[in-house]
Amino acid sequence: MEDDAEHHLALHDITDKLRHKVHDIKETVLLQKELGFTTAFAYVVGSIIGAGIFISPKGVLENVGSTGLSLIVWVLCGVVALFIGFLYAELAATIPKSGSGYTYMNEIYGPFVAFVNLWIQAILMSPCSTAILSQTGATYILQLFSSSCAPDVWTERLLATVLVIAVFYFNYVGVKSGAAFQVLTTAAKVLALIVIITAGSFYIFKGGAKNITMEGSVLHPSSIALAFYSGMFAYSGCEVVTVAVEEVKNASKVVTTAIVSGTLVCLIIYLLTNVAYYSVITKQEILAVPAVAVVCV
């Protein structure tokens, strides 16, 4: 009996020491704060500006029926996205931990709900979103070099796969390389939209604004809802910076500023881009082509 008691006491001491050691490791191992406002802002803008602005204009216009009403929908979608950004900024300030939705649900609803949400994100939503983004990027890249004919399907898929692997690689290498890649791709996307906006501005001075009318507007609730669905897809992503909130310097201030300013910048860019689309090509042409931006340029 005495041997058993000593044995249990020894096991208890070892367990207690291990528990304290794990606690000490958790206290000492922290994420490095390497991300500033510029990178956080680039993450927000780069995550919002993706395939949406290149494929959603057709869906919005198709459902509301007129170019004028579609611009109103784009602005209202931006306002909704801004309020969503406020919510995430408040959550990030209240729960200053990395992980975004998973962390917030784990803190509020418990581990089961958080796990189910993470499982849905990892198995369904994120892969589908990544596939759409990469496929759209591949379509536009190939369309630039073969504007007279449709790109080969397998060539599109191969290029889309290469794009996904590139994103994975740069984020796998480290935080700095992933951040640099994000800034670079964000600059490229914004530059492409600036080219479209610039091209559209010349057509506006030549009378292209006459294409923007309320003629043919569809005000049925289901059509408006579907238009908002397409528009909100283009605005999704403002919360991405909260995934790495513990790696952001002065996170309580920087994250909020990045989300709000990034969403507002995207709203303005989206509105000007759609005005450019409607100034250069007609409603019928927008509804007929898969790559609106290439036709616009």
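The values are calculated or read from the model by the stated rules, or taken from the named source; none is laboratory data. Everything quoted here is computed from the prediction, not taken from an experiment. FYI the Cβ positions are ideal-geometry reconstructions off the backbone, even for glycines, and counts take in every protein chain you see. Surface accessibility is based on the protein's heavy atoms, side chains included, excluding ligands, DNA and RNA. Shrake-Rupley method; radii C 1.70, N 1.55, O 1.52, S 1.80 Å.
Selection of first residues in the stretch 54-74 that are within 11 Å of F228 (Cβ to Cβ) and touching a residue at least 40 places away in the same chain (Cβ under 8 Å) and of second residues that are open to solvent by 10 Å² or more (accessible area, probe 1.4 Å) and charged (D, E, K, R), restricted to Cβ pairs under 7 Å at least 6 apart or on distinct chains, gives an empty result. Say whether the condition of being among the charged types (D, E, K, R) and either at pLDDT 80 or above or farther than 29 Å from P96 by Cβ (or both) is met by at least one residue in the stretch 174-182. No, the stretch 174-182 contains no residue that is among the charged types (D, E, K, R) and either at pLDDT 80 or above or farther than 29 Å from P96 by Cβ (or both). Within the stretch 242-261, restricting attention to residues that are of a type outside the set (V, I, T), surrounded by 19 or more Cβ atoms within 10 Å (Cβ to Cβ) and closer than 16 Å to E90 by Cβ, the residue that is modelled with the highest pLDDT is A258.
Can you say whether T213 is polar (S, T, N, Q) and more than 29 Å from L69 (Cβ to Cβ), as far as the supplied structure shows? No; evaluated as a whole, the condition is false for this residue. Residue-level analysis places T67 among those that are over 20 Å from E247 (Cα atoms), among the β-branched types (V, I, T) and surrounded by 16 or more Cβ atoms within 10 Å (Cβ to Cβ). The residues on offer are I197, I224, and the sole one that is modelled with pLDDT of 85 or more, assigned to a helix (DSSP H, G or I), under 24 Å from I49 (Cα atoms) and of a type in the set (V, I, T) is I224. Only one entry in L163, L184 is exposed (fewer than 14 other Cβ atoms within 10 Å of the Cβ) and within 29 Å of C128 (Cα to Cα), namely L184. Restricting attention to the stretch 190-200, and to residues there that are surrounded by fewer than 19 Cβ atoms within 10 Å (Cβ to Cβ) and within 17 Å of L133 (Cα to Cα), which single residue is farthest from the chain's Cα centre (by Cα)? So, considering only residues that are surrounded by fewer than 19 Cβ atoms within 10 Å (Cβ to Cβ) and within 17 Å of L133 (Cα to Cα), the one farthest from the chain's Cα centre (by Cα) is A192. With in a loop (DSSP other than H, G, I, E, B), out of contact with any Asp or Glu (no Cβ under 8 Å at 6 or more places or on another chain) and of a type outside the set (G, A, S) as the only criterion, which of V190, V218, V241, V164 stands out? Step by step, each of V190, V218, V241, V164 is checked, and only V218 is in a loop (DSSP other than H, G, I, E, B), out of contact with any Asp or Glu (no Cβ under 8 Å at 6 or more places or on another chain) and of a type outside the set (G, A, S).
Scanning the stretch 80-125 for residues that are in a helix (DSSP H, G or I), open to solvent by less than 80 Å² (accessible area, probe 1.4 Å) and touching a residue at least 24 places away in the same chain (Cβ under 8 Å) turns up V80, A81, L82, I84, G85, Y88, A89, L91, A92, A93, G101.
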